Amino acid sequence: MTRNEISSVSWYRIDYSVKFTPDILHIMTKILSLVNQKGGVGKTTSSVNIAVSMAAAEIRTLLIDFDPQANATTGVSNLIKKNNHTIYDVLMRGININKALISTQFDHLDVIISENDLVGAEIELVNVMAREYQLKSLIKKLKRKYEYIIVDCPPSLGLLTINALAASNAVLIPIQCEYYALEGLGQLLNTIRLVQKHINPKLSIAGVLLTMYDSRLNLSKEVADEVREYFEEKLFNTVIHRNVRLGEAPSFGKPALLYDANSTGAQNYLSLVEELLNRVK
């Protein structure tokens, strides 16, 4: 695929009035949502491994699985004890959010798990007053407990994702280094722009992360070059390489750092967190 073919992707022709702020808000707790409506781009893998890498650096972190597929829950299942309360219970059944917190093997990491019932929340929230702010109101009760709250969003731009964006200080966008992964990015950025305009004017884009990068493929290099050309300093220098151990880790209910700390994937996420913390001061 040539550079001209990549340049023809629809996201090159969208409204780029989205704000790009170098620093996420200087507040005690920083809420970071990982969003991409396209599945399979490494969003959940990134959410889990960013949260664990932060905790390994002794940063008090909460990971919220806000995806009805509950893949982040599976990805840390070996780190947690069973809890009867999920984010759906908190969001729709009125359970106190503190009762849904689950401690992990990491002293500085807690998790709120998800379940398949969360898919129904998209419909149930329609008739709820201030429906876009439900997650934000719940997280307010936790802000003094954590330095970072990482939200793994569903692969859609529905009410759950809007709730996450309304509650967040910043959004991180993972992009798979493949041609079709670029399609739909325009819709995502326009959604962020609308949220900034009407719901959360303080929302910023923390950065764009290239995932599943394979240096052996020309396509990976071409996509990376095109994304870098537009986003410039907003693109993280760290790239998440395609890595077998990183792909295996979730099946064991572990993040890459515990599954194989020396793997390329684990080291990539440690580097990413270091870069993220240097950028967000």
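Residues in the range 222-230: is at least one under 30 Å from Leu135 (Cα atoms) and not in a loop (DSSP other than H, G, I, E, B)? Within the range 222-230 (the criterion being under 30 Å from Leu135 (Cα atoms) and not in a loop (DSSP other than H, G, I, E, B)), the answer is no, since none of the residues qualifies. So in the range 133-178, with the set limited to residues that are surrounded by fewer than 21 Cβ atoms within 10 Å (Cβ to Cβ) and among the acidic types (Asp, Glu), which one is farthest from Lys202 (Cα to Cα)? Here the residue is Glu178. Across the range 31-70, the number of residues qualifying as surrounded by fewer than 24 Cβ atoms within 10 Å (Cβ to Cβ), of a type in the set (D, E, K, R) and either under 27 Å from Arg144 (Cβ atoms) or modelled with pLDDT of 95 or more (or both) comes to 2.
Among the numbered conditions (1) of a type outside the set (Gly, Ala, Ser); (2) buried (at least 20 other Cβ atoms within 10 Å of the Cβ); (3) in contact with a helix residue (DSSP H, G or I) (Cβ under 6 Å, 6 or more places away or on another chain), the only one that Asp89 does not meet is (3). When the criteria are applied in full, Leu157 meets the requirement of being closer than 25 Å to Leu194 by Cβ and touching a residue at least 40 places away in the same chain (Cβ under 8 Å).
Annotation: of all residues in the range 155-181 being within 24 Å of Leu272 (Cβ to Cβ) and among the polar types (S, T, N, Q), the one that is modelled with the lowest pLDDT is Gln176.
Residues in the range 173-190: is at least one within 14 Å of the chain's Cα centre (by Cα), closer than 18 Å to Asp67 by Cα and either basic (Lys, Arg) or part of a helix (DSSP H, G or I) (or both)? Yes, the range 173-190 has at least one match.
Just name the residue that is farthest from Pro174 (Cα to Cα) out of those in the range 192-217 that are touching a residue at least 40 places away in the same chain (Cβ under 8 Å) and part of a helix (DSSP H, G or I). Within the range 192-217, the match that is farthest from Pro174 (Cα to Cα) is Gln196. Among the candidates Lys221, Lys197, Lys140, the residue that is within 24 Å of Leu62 (Cβ to Cβ) and charged (D, E, K, R) is uniquely Lys140. Is it fair to say Val76 is out of contact with any Cys (no Cβ under 6 Å at 6 or more places or on another chain) and under 15 Å from Leu118 (Cβ atoms)? In short, no. Considering (1) of a type in the set (A, V, I, L, M); (2) touching a His at 6+ places or on another chain (Cβ under 9 Å); (3) within 21 Å of Ala56 (Cβ to Cβ), say which one Ala249 fails and leave the rest. Only one criterion is unmet by Ala249, namely (2). Checking each residue in the range 249-273 for being out of contact with any Phe, Trp or Tyr (no Cβ under 8 Å at 6 or more places or on another chain), of a type outside the set (Val, Ile, Thr), assigned to a helix (DSSP H, G or I) and free of Cβ contacts under 8 Å to residues at least 40 places away in the same chain picks out Ser251, Gln267, Asn268, Ser271. Which of the residues spanning the range 54-73 are at negative phi, over 11 Å from the mean Cα position of the chain (by Cα) and of a type outside the set (Gly, Ala, Ser)? Hits for the range 54-73 are Met54, Ile59, Arg60, Thr61, Leu62, Pro68, Gln69, Asn71, Thr73. For the range 182-201, a tally of residues being at pLDDT 85 or above and crowded, with 17+ Cβ neighbours inside 10 Å returns 9.
Restricted to the range 224-261, and to residues that are in contact with a strand residue (DSSP E or B) (Cβ under 8 Å, 6 or more places away or on another chain) and among the hydrophobic types (A, V, I, L, M, F, W, C), which residue is surrounded by the most Cβ atoms within 10 Å (Cβ to Cβ)? This residue is Ile240. If you go through the range 63-120 and pick out every residue that is closer than 16 Å to Leu257 by Cβ and not polar (S, T, N, Q), you end up with 11. On inspection, Leu160 fails the criterion of being out of contact with any Phe, Trp or Tyr (no Cβ under 9 Å at 6 or more places or on another chain) and of a type in the set (A, V, I, L, M).
The values are calculated or read from the model by the stated rules, or taken from the named source; none is laboratory data. For clarity, every value in this text was computed on a predicted model and none was experimentally measured. No Cβ is skipped: glycine too gets one built from the backbone with ideal geometry, and neighbour counts run over all protein chains shown.
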